[in-house]
Amino acid sequence: MARTPSYMLELGTSAPSFCLPDTDGNKVSSQDFHGKPLLVLFICNHCPFVIHIRDQLAALGRDYTSKGIGIVAINSNDVISHPDDSPEKMKIEKVKAGYVFPYLFDETQDVAKAFKAACTPDIFLFDRSHRLVYRGQLDDSRPSNQIPVTGKDLRLALDALLTNTRLPSEQKPSLGCNIKWKPGHEPRY
C-alpha cells in the first residue's frame, strides 16, 4: 500500500464541474448543489485508509446533509486493475458502509484530474460559491497508528463554514493509497 499525500489544491480555487453516474445509474452534477456548500470525497472500496474511516464518513453524511451540506463521494480508480472498485461493487459498498450521499464513478478519471486528486481519501470542501475552503485530512488517524477516528479536522472545517467563522488555517494533507490511474493517464501535477 503506497502512502500518498493529497496535492493540497490552492484555497479559493473554484470547484471543477462534474456530471457522473451514481450507484443507481442516475447522473449527479455539481450543478445539483448550486448555492450549497459542497463536500467532495475521493474514495474507493478497497483502500485500507478509506476502510479505516468509512464509519466516520457515513456519520458525516448523516450529520451534515441534514444541515445543508451537499456531499458526494467519487471513485476514480481503474477498475480493470482493481475490479473491487467496479460500479457494481460500489453499489454494495454504499449500502454496507451506510453512505447517505451519492457515490459516483469517474470512469474517465477526468474529474479526479480536474480536482488534482491524488489519493483515497482526498477531501475537498467548497463554500456556497463553490470556492475551496478546506482540503486535507479527516483527522490524524491512520490504519496503523492507534489514534481513534473522530473526523475532527473535517468537522471543525464544516462547522466553521456553517457558522460563518474562520476556517482552520492549518490544514494537513490527507494520506492514503494513490488513485489507481489507467496506464498512460497518470497526471503531472
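Using the structure shown, select from LYS91/LYS172; LYS116/LYS152; LYS27/LYS89 the pairs with a Cα to Cα distance greater than 29 angstrom. Check vs 29 Å cut-off fails for LYS91/LYS172. Annotation for the stretch 60-118: trypsin sites (Lys or Arg not before Pro) lying in DSSP loop with at most 12 further Cβ atoms inside 10 Å of their Cβ are LYS67.
In this Cβ point-charge picture (+1 for Lys and Arg, -1 for Asp and Glu), the chain has a dipole of about 280 debye about its Cα centre. Which shape class applies to the chain: rounded if a/c is under 1.5, otherwise prolate when a/b exceeds b/c and oblate if not, where a ≥ b ≥ c are the square roots of the Cα gyration tensor eigenvalues? Rounded, because the longest to shortest axis ratio a/c is under 1.5. Here LYS113 is the anchor, and the lysines within straight C-alpha reach of less than 17 Å, apart from those fewer than 8 places off in the same chain, are LYS180, LYS182.
Neighbour counts of other Cβ atoms within 10 Å put SER86, SER30, SER76, SER17 in the fewest-to-most order SER17, SER86, SER30, SER76. Using only the Cα atoms of the stretch 51-107, build the gyration tensor, take square roots of its eigenvalues as a ≥ b ≥ c, and label the shape rounded, prolate or oblate: rounded if a/c is under 1.5, else prolate if a/b is larger than b/c, else oblate. Judged from the Cα gyration tensor, the stretch 51-107 comes out prolate (a/c at least 1.5, a/b above b/c). Scanning the chain for cysteines with no neighbouring cysteine C-beta under 4.7 angstrom from their C-beta gives CYS19, CYS44, CYS119.
Classify the stretch 106-186: rounded, prolate or oblate, from the alpha-carbon gyration tensor (a ≥ b ≥ c, eigenvalue square roots; a/c under 1.5 rounded; otherwise prolate if a/b is larger than b/c)? Here the stretch 106-186 falls in the oblate category.
No lab work stands behind these numbers, since they all come straight from the coordinates. Predicted model, so just to flag it, every value in this text is computed and none were measured. We place every Cβ from the backbone using ideal geometry, glycine too, and count neighbours over all the protein chains shown.
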